[in-house]
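A.B. asks: Have a look at this one before I ask anything.
Read-outs: derived from the displayed coordinates by stated rules, not from any lab. What you are looking at is a predicted structure, and each value in this text was computed from that prediction instead of being measured. Neighbour counts run over all protein chains shown; Cβ positions are idealised from the backbone, glycine included.
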Amino acid sequence: MTTMTARTALSAPDLKLRQDLSFAKRGLVFALLSGITWGLDGVILSLAFASPLLLDEACWLLAPLTVGALHDTFSALWLLCFNGATGRLRELGRTLRSKAVRPVILGALFGGPVAMSSYMLGIKFAGPAYVMPITALYPAVASVFAAVFLKEKVAPRAWFGLLLCVAGGVIVGYTPPEGSLGNEFYLGIAFALVATFGWGVEGVLATSGMDLLDPAVALNVRQLTSATVYLLVVVPLAGGYALFVPALTGAIGWVFPAAALTGALSYLCWYRAMNMTGVSRAMAINITYSLWGILFSAVFTEVEITTAIVVGALVITTGMVLVVGNPKEMACLRCTK
Amino acid sequence: MSKMPMKMMVADCFRRGEALNPGAVHDLIRDHYAGERYCSIESVREHLMSLKAVGILNDESSYVDGDGGLVPVYRISEYGLDRLRRAR
């Protein structure tokens with residue numbers, strides 16, 4: 001009764017403002033959930049990477065790409081189940097036949113096989129100490145593209161917050177360099193830059209497509225595209241399907257569907273967040289995955305919480321507060337007038 | 001006939017410049033997606049809020065109905081018309 005009285009006492013503009021704020025805040029919650037679940041996804045996948053099968057030096061490229069292929073394939077299947085359960089399968093067919101899906105497919109190619117393969121090659125040639133800080137810049141790259149191509153409005157405070165989130169991600173993920181720089185070092189840096197560009201541009205292309213497409217369906221297209229290219233192009237080029245059967249039938253077989261389920265949930269939240277709060281905010285909050293990953297690792301494995309991790313966590317948290325700022329700014333995300 | 005994705009169809013309802021509320025949009029599209037659980041008034045509301053957030057639709061007005069619920073009314077923007085043209 002009290003609720004009804006309070007509800008009817010509000011004017012239409014007040015109710016509209018409340019509705020818009022609720023929509024924007026839900027987007028922020030989705031962004032945070034995407035970071036948490038991506039952190040968990042990484043921890044589950046690390047169990048696969050720790051297996052002797054995938055640690056073989058001869059499979060330094062094939063192993064991570066096989067993991068990527070299995071992850072995105074299972075993820076696409078989980079999303080087909082989700083879209084089937086929510087009555088979206090016919091929408092998936094309509095979406096695949098529409099012109100509006102093209103940027104989503106292009107984004108899938110950049111963010112899936114291209115970025116992931118480049119990341120692995122970058123790690124191989126230049127080492128994680130240089131590649132991880134470079135690739136942690138992808139939210140900043142995405143935000144610049146979003147401001148230029150989508151005309152997304154980002155307040156100066158939010159830009160500063162975004163830079164803090166990126167800096168925090170670098171601090172959390174930093175590993176000291178080992179040994180001297182080889183001849184292939186600059187090639188590795190170039191691959192790292194391609195990966196950063198790929199992940200950054202994926203968000204902008206996907207968000208552009210989702211202007212007129214359902215995020216859950218767009219994501220299913222993304223994962224189907226990525227899985228197809230992995231299976232038909234990337235994995236054969238990297239050496240073939242030799243690891244598929246032993247990986248799926250061995251002790252780590254359960255890891256792939258489990259990680260893919262967490263990954264599908266993470267991507268679902270991420271795509272919805274980009275659509276609801278804009279690319280820059282969603283990316284800035286999503287990058288907290290590095291923090292969540294370490295927290296999950298500390299709980300489930302034996303990772304030590306270092307001073308750098310605590311400092312990185314504080315920097316990321318401060319950045320997130322600045323990015324979120326005033327949710328009223330999110331009622332309209334772009335300068336389209 | 002090949003149907004367009006529902007969110008795009010929701011935006012397309014505004015192509016002639018009319019101001020519409022979620023109920024009116026649902027009435028316009030439901031025959032195109034007959035028998036589909038996905039074509040609900042809740043889905044239409046969600047798509048309208050998303051289209052408004054990215055600037056394809058603008059708020060035209062809003063009012064409170066007899067049950068005390070908010071009824072938002074939207075109209076397409078110039079940017080929205082351009083996006084629709086490019087997507088067709």
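A.B. asks: Of the residues that sit in region A:52-106 and are closer than 21 Å to A:T207 by Cα and among the basic types (K, R), which one is farthest from the other protein chains (Cβ to nearest Cβ)? Write out each step before concluding.
C.D. replies: Taking region A:52-106 first, the residues closer than 21 Å to A:T207 by Cα are A:72, A:75-76, A:79-80, A:82-83, A:88-89, A:91-106.
Now narrow it down to the ones that are among the basic types (K, R): A:88, A:94, A:97, A:99, A:102.
Values: A:R88: 5, A:R94: 5, A:R97: 6, A:K99: 6, A:R102: 9 Å.
My answer is A:R102.
A.B. asks: Which of the following residues is facing another protein chain (nearest Cβ under 8 Å) and either part of a loop (DSSP other than H, G, I, E, B) or farther than 23 Å from A:Y271 by Cβ (or both): B:Y63, B:Y79?
C.D. replies: On the way: B:Y79 fails: either part of a loop (DSSP other than H, G, I, E, B) or farther than 23 Å from A:Y271 by Cβ (or both).
After ruling out the rest, the residue left standing is B:Y63.
A.B. asks: Can you tell me how many residues within region A:301-316 are closer than 24 Å to A:V29 by Cβ and over 18 Å from the mean Cα position of the chain (by Cα)?
C.D. replies: Step one: list which residues in region A:301-316 are closer than 24 Å to A:V29 by Cβ, which gives A:312-316.
Of the ones still in play, those that are also over 18 Å from the mean Cα position of the chain (by Cα) are A:312-315.
Total satisfying the criteria: 4.
A.B. asks: Please give the number of the condition B:V71 fails out of (1) more than 9 Å from every other protein chain (Cβ to nearest Cβ); (2) farther than 24 Å from A:V217 by Cα; (3) under 14 Å from the mean Cα position of the chain (by Cα); (4) not in a helix (DSSP H, G or I).
C.D. replies: Status for B:V71: all satisfied but (1).
A.B. asks: Considering only region B:22-29, I want to know if a residue exists there that is more than 8 Å from chain A (Cβ to nearest Cβ) and either within 17 Å of A:N275 (Cβ to Cβ) or polar (S, T, N, Q) (or both). Even if it seems obvious, please write down each step before you answer.
C.D. replies: We begin by selecting, within region B:22-29, every residue more than 8 Å from chain A (Cβ to nearest Cβ); these are B:22-29.
Going one step further and asking which of them are either within 17 Å of A:N275 (Cβ to Cβ) or polar (S, T, N, Q) (or both), we end up with none.
No, that holds for no residue.
A.B. asks: A:G169 - would you say it is touching a Ser or Thr at 6+ places or on another chain (Cβ under 8 Å), under 23 Å from A:T307 (Cβ atoms) and in contact (Cβ under 8 Å) with a residue 12 or more places away in the chain?
C.D. replies: On the way: touching a Ser or Thr at 6+ places or on another chain (Cβ under 8 Å): yes; under 23 Å from A:T307 (Cβ atoms): yes; in contact (Cβ under 8 Å) with a residue 12 or more places away in the chain: yes.
Answer is yes for this residue.
A.B. asks: Next up: Those residues that are facing chain A (nearest Cβ under 9 Å) and over 13 Å from the mean Cα position of the chain (by Cα), I need them from region B:34-43; list them, please.
C.D. replies: B:E36, B:R37, B:Y38
A.B. asks: A follow-up question, please. Would you check which residues across region B:44-60 are of a type outside the set (V, I, T) and more than 8 Å from chain A (Cβ to nearest Cβ) and list them?
C.D. replies: Listed by number, the residues that qualify are B:R45, B:E46, B:L48, B:L57, B:N58, B:E60.
A.B. asks: Does at least one position in region B:2-20 carry a residue that is closer than 22 Å to A:S11 by Cα, among the hydrophobic types (A, V, I, L, M, F, W, C) and without any contact (Cβ under 8 Å) to a residue 12 or more places away in the chain?
C.D. replies: At the first step, the residues of region B:2-20 found to be closer than 22 Å to A:S11 by Cα are B:19-20.
Now drop any that are not among the hydrophobic types (A, V, I, L, M, F, W, C), which leaves B:19-20.
With the extra rule that they be without any contact (Cβ under 8 Å) to a residue 12 or more places away in the chain, the set shrinks to none.
Checking region B:2-20: not a single residue is closer than 22 Å to A:S11 by Cα, among the hydrophobic types (A, V, I, L, M, F, W, C) and without any contact (Cβ under 8 Å) to a residue 12 or more places away in the chain.
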